[in-house]
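The numbers here are math on the coordinates, done by the rules we state, and not lab data. Values in this document were obtained by computation on a predicted structure and should not be read as measured data. When we count neighbours, we look across all protein chains shown, and the Cβ atoms used for this are built from the backbone with ideal geometry, even at glycine.
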Amino acid sequence: MTGEMAARDAQLHTAALDAASEALSAAIMIYDRNDELIYASRQLAGYVPVSSQFLSPGTRLREFLGAAYDAGMHCCTPAGGTVIGSRDEWIAESIAAHWRERLDYQTRDSQRGWTKVSMRRLSSGHGLCVITDISEQKKREEQWLADVERVQLTEEILDNLPHPVFVQDRNLTIVAVNRAFCALFGAGTDVLLGNSLSSLFDAVLAANLGNTTRHVLETGVPSMVSMTVPQPAGQVVLAVRSQRVGKPGRYFVVTSLDHPADMTLTAEQSAGAIAFGPDQQVAGSDEPVDGPAIPFDLSGRRVLVVTADGGFAETGLKTLTDLGLDACSVQDADEEEAFLSVAKTAGVAIDLVVVDAEMDMRCLELARQYGVDALPIDRFRISGELAELAVERLSHGPSVEEDDDWEITTGDAVPMSSDPLVLVAEDNAINQIVFAQILEGLGFRFIIASDGEETVRLWQELEPQIVLMDVTLPGISGYDACRRIRDLGRSSGRTTPVIGVLAHAFERDREDCLSAGMDDILQKPLSSEAIEAIFQRFIPGYIAFSPA
C-alpha cells in the first residue's frame, strides 16, 4: 500500500512539474545529490538536442553533459564564456557550475536565439536547472535601447540646429524646444515646456500663430507664415514654418523660426507691428506692408509639374507642397494639354506650370496658350532653387479667383447606369481634376467627396463598387472614414474595396492604411495605368466593360 501511495505521489509530482514547465514556457531539469536525473520536462529537448535516453530518470548528469557536448552545445561554458579544451574539461567545468549554490547566465545561439539559464543547488543536495527563451524580451530591450538612442540623437540634432525650433502636442502645448529657441526668448526649458503660445507671445501674435499651427495639426498641410520678434536693435522678421509629424492619435506640430532674408526693422518702421500676412497691415497704418521674400500664405495656389522623370516629379511635388501649394504632375505635352483644358472648363485657375528643361518646347507653349506662367528648370537645380523661383513667380500677383460653385460630379446628380460607380475622397482641387480626367478616360461613372464625413455619407447612399480614399481629408481623416465604412459594412453585410491614396508610400503609411481596413494603396502622382491595375484587381468583371 505504501508503495502504491509513493507511486501516486511520484506521478502527481511529475504531472505538477509538467504543468509548471508548460505554464512558464520553460524547460526544467531536476537531479539529486548523486547527480542522477530525477525529472526532465519535454521542453528540454528543444534546448539541448540529445537522445531521449539521456533525459530519462536515473541518467547521470555527466552522461547528459557528455551527450550535450557531442550535440554541439560546447560552444560556451555554463558561465557564458568561451572555453578551449577537451571534452572532459568542458564536462568537468559544467558539473562544477551545477554545484554552485546559485548561477544565472544568458547565451545566444544563431538558430535558437537568446536563452536564460538559472541553476540552483538546494541545501538537501538536489539541483534544479531552468532554461527559458528570452529572445522576445531581448528584442524589446534592443528596440527600447534603439528608441532611446534615436530620441537622444533627435534631441541632439534639435539642440544643435542654428535656428529656433519648438514642438507642440495635439493640445498645442509646447513639449520640446532647442537651445536656439531658449536663447531667442531668454528663458530655460523649465519655463518654456508645458506652456502654450500665449505665455510667450502677445495676444494677437499668439492667436495668429495658434490658428496656423492648429490648421497644420488638423489638416497635415505644411504652413509658412511671417512673424516679428522684438530684439534690442528692433523688430526681427522671421519666417515661421510648421509641419505635422507622427501618426493618427499621436500627431505633433514642429515649428521652426528662420530669417527669410536679412530683414531687421527699426523701432520706427515696426511700431505696432506684430505679425503680417496676405492683406494684413501694420497697426496704425493705412498702407499694406511689403512682406519678406517668402510669401505669407501660398495656400490655394495651384502648380502643375510637367516631366517624364519620376525623380524630378517627386522632388518637385514635395518642394511645392512644403510651400503650402496644391501641386500635381503630368508626363508629357498631351497630358498637360488635357489637364489644362479640364481645369479651364471647370473654372479652376492654375497659377504656375513648372516644366522640366528636358521636355519638348511645346510644354512651355501650351502653358502660355492657356494664359499660365511657365517656369522651365533644369533637373540639377530643382532641389536647391525650385522653391525660391516658384515663390518669386507667384509673388508677382494674386491668383485668378475661381468660381466656387464648380463641381466635377456630385452626389445629387450621379448619372444612372449599370456601370460601376467609383467614389473618390479628395479635397485638393488639382487632384480632383486628375481623378476626373483619368476616370473619364477609363469610361467610369464617379463622384468626388471633399471630406471624410461626406465620403461615408455617399458610400451609404450610392453603394459604389470601389472607394479611392485620400488619407489626409478635412474633418475626419481617410483612415477614420474607412474605419466607419468597415463598421457600417459589418452591420449591413456590404464589403467595398477601399484603396488608400498617399503622397509618399512609406512602409509605415502602408501599415496604417491596412490597419484602418483598406485593401491596398495608390501613390501620387496618379496615373491611369496604376488606377486601371487597381480596378482589374478589385472590381469584378472590369476587363469586360473596360473601354478599348
Original post:
How much net charge surrounds R120 when only the other residues with a Cβ under 10 Å from the Cβ of R120 are counted, with Lys and Arg +1 and Asp and Glu -1?
Top reply: +1
Original post:
Contour minus end-to-end for L24 and Q143, with contour as 0.36 nm per residue of separation and end-to-end as the Cα-Cα distance?
Top reply: 40.4 nm
**OP:** Starting from the Cα gyration tensor of segment 421-545, take the square roots of the eigenvalues, sort them a ≥ b ≥ c, and report rounded, prolate or oblate (rounded when a/c is under 1.5, otherwise prolate if a/b is larger than b/c, else oblate).
**Re:** rounded
Subject >> Residues whose placed amide H lies under 5 Å from that of A357, excluding near-sequence neighbours >> reply: I377, D378, R379
Original post:
Assigning unit charges at the beta carbon (Lys, Arg +1; Asp, Glu -1) and nothing else, what dipole magnitude in debye, to the nearest 20, does segment 421-545 show about its Cα centre?
Top reply: 320
**OP:** Apply the Karplus parameterisation 6.51 cos²θ - 1.76 cosθ + 1.60, with θ equal to phi minus 60°, to every residue of segment 346-359 and state each ³J(HN,Hα) to the nearest whole Hz, in sequence, with x for glycine and proline.
**Re:** 7, x, 9, 7, 9, 8, 7, 10, 9, 10, 4, 4, 7, 7
Subject >> Efficiency of FRET between I476 and Q536 - r from beta-carbon atoms, R0 35 angstrom, step 0.05 >> reply: 0.75
Subject >> Sorted by Cβ neighbour density within 10 Å, fewest at the top, the residues W90, W99 >> reply: W99, W90
